[in-house]
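Some notes on the structure that comes next.
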Amino acid sequence: MASTAAQIIDVAQQIAKCPRYDTQALALLNVILDDLCDTYDLGVARDTHYFNFNPGITTLVGDNVYGSGPYFMPADFLRPLYGEVWWTLQGVKYPLIACDLYQFDMLVQQAGNQSFPAIIAFDVSPADATEQGGTGVQAYVWPPPSGTYPVTVRYQKKMDPITDTSTVPWFPNQAYLITRLAGELMRITDDTRIDAFLGDTPTGAQGILTRYLRLKDAESNRSQTVKLDRRSFGSGANFHDLPNTKTTGW
């Protein structure tokens, strides 16, 4: 049976020999869980966001107009999963290729360029999002959409912090949580065992986490594939091979 946050904190305090550090222990447990979210792509910290393209968007963000965006992601959005962003037309899925924001800014934006989107870029600047009246990460697509096609985005999410210690932490490996929390409490008390508890030995927190990551998300039951950038690999993927047009020249 999974232990609650209160039970994990109690055991960690006993190991670290600091029984009255409840406030510090809860804060550190949330720091540990945040670190797992930020650092690793864990299946238990994923979600799916759905929205529709809007060709009528006229918001001016730099040179990005004509329906390219912005499309606001959820407030808990951290990063998209590789290859798991697509839009759908009559049951057919069209993957969107992720690129850096500066690469997106170099793409041609002009009237009459609306078509089937192939590229997506994510702007993680909170300041920019606030200026446009939204919160969190924004997405931009190119070419601008020619219709209100539905879009699916699978992403890593920022899990909510624990405020009620009677809840069970979302991270399933509780041996890691207890060991890591005990080690972090030892920082406060200057316990000389800290290196052993936080290290990469079989009983250390990093060692426990490394073993868990090898088998996480049931990925060991299938072969893994090499992932290449669709813009550079595959038939018709190289943009520099495209012919000049009357609309856009160079």
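The values are calculated or read from the model by the stated rules, or taken from the named source; none is laboratory data. If you're wondering where the values come from, they're calculated on a predicted model, not measured in any experiment. Glycine gets a Cβ as well: all are built from the backbone with ideal geometry, and neighbour counts include every protein chain shown. Ligands, DNA and RNA are excluded from the accessible area calculation, which covers all protein heavy atoms including side chains. Shrake-Rupley method; radii C 1.70, N 1.55, O 1.52, S 1.80 Å.
Residue 166 contributes about 80 Å² of solvent-accessible surface, heavy atoms of the protein only, 1.4 Å probe.
Could you compute the FRET efficiency for residue 193 and residue 111, with r as their C-beta to C-beta distance and R0 at 51 Å, rounded to 0.05? Show your work: numbers first, answer last.
Values: r = 67 Å, r/R0 = 1.31.
My answer for the efficiency is 0.15.
Mean shadow of region 84-219, computed from the convex hull of its alpha carbons, in nm²? Please list the in-between numbers first.
Details: hull surface 54.5 nm².
With the hull built on Cα positions only, its mean projection is 13.6 nm².
Residues 168, 124, 108 ordered from highest to lowest accessible area at a 1.4 Å probe: 124, 168, 108. Largest first, the residues 50, 176, 212, 21 sort by 1.4 Å accessible area into 50, 21, 212, 176. In the assembled protein chains, residue 157 presents an accessible area of approximately 40 Å² (probe radius 1.4 Å).
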